[in-house]
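Structure first, commentary second.
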Amino acid sequence: MAKKLYIKTYGCQMNEYDSARMADVLAPLGYEPTGQVETADMVILNTCHIREKASEKVFSELGRLRHAKRDREAAGQEMIIAVAGCVAQAEGSEIVRRAPYVDIVLGPQTYHRLPELIARAKRAADPSRRGIVDTEFPVESKFDHLPETHAASGVTAFLTVQEGCDKFCTFCVVPYTRGAEMSRPVEEVAAEARRRVAGGVREITLLGQNVNAYHGRAPSRFIGKAGTAGEWGLGRLARHLAEIEGLERIRYTTSHPHDMDDELIEAHRDLPQLMPFLHLPVQSGSDRILAAMNRQHRTADFLRIVGRLRSARPDLALSSDFIVGFPGETEADFEATLALIREVGFVMAYTFKYSARPGTPAATLPDQVPEQVRNQRLDQLQALLREQQQAFNTTMIGRRLPVLLEKLGRHEGQLIGRSPYLQSVHLEAPEASIGQILPVDILALFPNSLAGRLASGHAGARERLSA
Ligand code: SAM
Ligand code: SF4
């Protein structure tokens, strides 16, 4: 009988991608996904260490799982519990010390070893204390050992092309939990993209902690040719992928301003497949704070990059990440951040209250900003961003946008799609048009989405539209 696999994913899209790959690794062992934890023979918590109290949240989830595991064992069934991801990497054996019923702890680079780790856990003499910890950064790449992705049914897909980070922003744990930067070779990425497109995917989002630091090995037919380097950046990779017939949209996230090079900017100018929405974290609008964060860019650099991007692609909409209350942040620094938000006209952003991460340089800086001030700045920042988002979305009313229809909506006859600017769009359309890009007249605004109507004469007919 098939065994049931329950995966709970925390955090970013990279973790979502990793969770899907772990399911791929376990499929040949007979594990099928389930949404019900009580029925699961195997539970994986794929964790994220970015948010405040991330580890504590994982420990309280483990506390709940302990009961579920005990109930299953009392009924003569099994529940293998694995903790994966960045909390696993950061906490390591502390997890099995505090939660001895955890069977496996594995870091983000060792997912391909899951079958072996499960076998080892099952062989352990005392099933109540068998916690195996594998948080190495192995020499071999997990991508060389993971099975090919299942051609999943969706219209959009994530594809990890780069992992790790060498930037060492002083607030961030990623360089410690995900390790040094590595890029997958171009042909490996292209092969995965082709498989996904053959399986019905129309839009691919290239993922990396620092995706535009991508420097993957070029396909062998290009190596050595005049003017072609042995390694390609993200711009050239995007150009290569844009040649895949049927791949209509390409996005990428998350980028660092420092790595926004000429080729990538030119790709925004030349490739209609590259969507005009870019997530480009800046963190702060104060040069003093940016220096203390070790961001390797100043506000002026950021504005210059934005200017070049907008010359290349005038309709580019920008989103970002901001941290408020970094140690030493004064009211003037915070005002500079608000000013930058207005000047760039960000249409979206992820906002964070600074929270000290043990082991990072900023955690020991003097002048930690009081909680109350951080809360108040966060509220103010979010209010401004909401205003700008609303203003941007309002400009969509009355426009005709090419919408990629992704899935059924909640109401009869309703579909949900995405605009080039990543806005969710609700409309009535035949189910058979899922996977198509159709022109939609935008009629109204909801808090988190747009409402539209298929342009007349386009009742679901197949056609190709660029962004
Ligand atoms: N590599 C990306 C970058 O350079 O911005 C994203 C890294 S991280 C996964 C996502 C965001 O979490 C960061 O951009 C930052 O805004 C936020 N973040 C990271 N560490 C934080 C901390 N200690 N406190 C608050 N926010 C943090
Ligand atoms: Fe963290 Fe991003 Fe800075 Fe790397 S570039 S250290 S992932 S915030």
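Couple of notes before you dig in:
- Contact map, region 406-419: first residue on the phi > 0 side of the Ramachandran plot, second residue open to solvent by 100 Å² or more (accessible area, probe 1.4 Å), Cβ cut-off under 9 Å, separation 6 or more or different chains; pairs are GLY413/GLU428; GLY413/GLU431.
- Out of SER284, SER320, sole residue that is under 22 Å from the mean Cα position of the chain (by Cα), at pLDDT 95 or above and over 30 Å from ARG202 (Cβ atoms): SER284
- Residue count for region 257-287 satisfying the condition of being within 16 Å of ligand 1 (Cβ to nearest atom) and touching a His at 6+ places or on another chain (Cβ under 6 Å): 2.
- The set of residues in region 367-380 that are open to solvent by 50 Å² or more (accessible area, probe 1.4 Å) and not polar (S, T, N, Q) comprises ASP367, PRO370, GLU371, ASP379.
- Pairs where the first residue, in region 50-71, is closer than 28 Å to PHE322 by Cα and the second is more than 16 Å from ligand 1 (Cβ to nearest atom) and open to solvent by 100 Å² or more (accessible area, probe 1.4 Å), C-beta under 7 Å, 6+ apart: PHE59/ARG98
- Residues (buried (at least 22 other Cβ atoms within 10 Å of the Cβ), part of a loop (DSSP other than H, G, I, E, B) and free of Cβ contacts under 8 Å to residues at least 60 places away in the same chain) located in region 83-109: VAL102, ASP103
- Scanning region 151-173 for residues that are of a type in the set (Ser, Thr, Tyr) and within 14 Å of ligand 1 (Cβ to nearest atom) yields THR160, THR170.
- On inspection, VAL186 fails the criterion of being touching a Lys or Arg at 6+ places or on another chain (Cβ under 7 Å), within 16 Å of ligand 2 (Cβ to nearest atom), modelled with pLDDT of 95 or more and open to solvent by less than 10 Å² (accessible area, probe 1.4 Å).
- Boolean, GLU181 is among the acidic types (Asp, Glu) and either open to solvent by less than 10 Å² (accessible area, probe 1.4 Å) or within 15 Å of ligand 2 (Cβ to nearest atom) (or both): yes
- Of the helices (runs of 4 or more DSSP H) entirely within region 238-329, those holding at least 3 residues that are within 16 Å of ligand 2 (Cβ to nearest atom) and without any contact (Cβ under 8 Å) to a residue 60 or more places away in the chain occupy 287-292, 299-312.
Yes/no per residue for (1) crowded, with 20+ Cβ neighbours inside 10 Å; (2) over 23 Å from PHE392 (Cα atoms):
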{"position": "LEU271", "(1), (2)": "no, yes"}
{"position": "PHE277", "(1), (2)": "yes, no"}
{"position": "SER286", "(1), (2)": "yes, yes"}
{"position": "ILE289", "(1), (2)": "yes, yes"}
{"position": "ALA300", "(1), (2)": "no, yes"}
{"position": "ARG308", "(1), (2)": "no, no"}
{"position": "ASP321", "(1), (2)": "no, no"}
{"position": "GLU329", "(1), (2)": "yes, yes"}
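- Residues of region 200-225 that turn out to be away from ligand 1 (no atom under 16 Å from the Cβ), closer than 20 Å to GLU16 by Cβ and open to solvent by less than 30 Å² (accessible area, probe 1.4 Å), as a count: 4
- Sole residue being open to solvent by 10 Å² or more (accessible area, probe 1.4 Å), within 14 Å of ligand 1 (Cβ to nearest atom), within 30 Å of ALA157 (Cβ to Cβ) and not basic (Lys, Arg), chosen from THR364, THR254: THR254
- Residue count, region 25-59 (criterion: outside any loop (DSSP other than H, G, I, E, B), open to solvent by 60 Å² or more (accessible area, probe 1.4 Å) and not aliphatic (A, V, I, L, M)): 6
- Any chance TYR176 is within 16 Å of ligand 1 (Cβ to nearest atom) and open to solvent by less than 30 Å² (accessible area, probe 1.4 Å): no
- For region 4-24, the criterion of a residue being surrounded by fewer than 23 Cβ atoms within 10 Å (Cβ to Cβ), outside any strand (DSSP E or B), at positive phi and not charged (D, E, K, R) is satisfied by at least one position.
- In region 163-173, residue surrounded by the most Cβ atoms within 10 Å (Cβ to Cβ) [restricted to those that are more than 18 Å from THR364 (Cα to Cα) and within 9 Å of ligand 2 (Cβ to nearest atom)]: CYS165
- Reported count of residues in region 353-376, each being among the polar types (S, T, N, Q) and either touching a residue at least 12 places away in the same chain (Cβ under 8 Å) or touching a strand residue (DSSP E or B) at 6+ places or on another chain (Cβ under 8 Å) (or both), is 4.
- Filtered residues of region 218-252 (kept if at pLDDT 95 or above and of a type in the set (Val, Ile, Thr)): ILE244, ILE250
The values are calculated or read from the model by the stated rules, or taken from the named source; none is laboratory data. It should be emphasised that the depicted structure is a prediction, and the values quoted were computed from it without experimental measurement. Neighbour counts are summed over all protein chains in view; Cβ atoms, including those assigned to glycine, are modelled from backbone coordinates with ideal geometry. Keep in mind that these areas ignore ligands, DNA and RNA; they rest on the heavy atoms of the full protein, side chains included. Shrake-Rupley method; radii C 1.70, N 1.55, O 1.52, S 1.80 Å.
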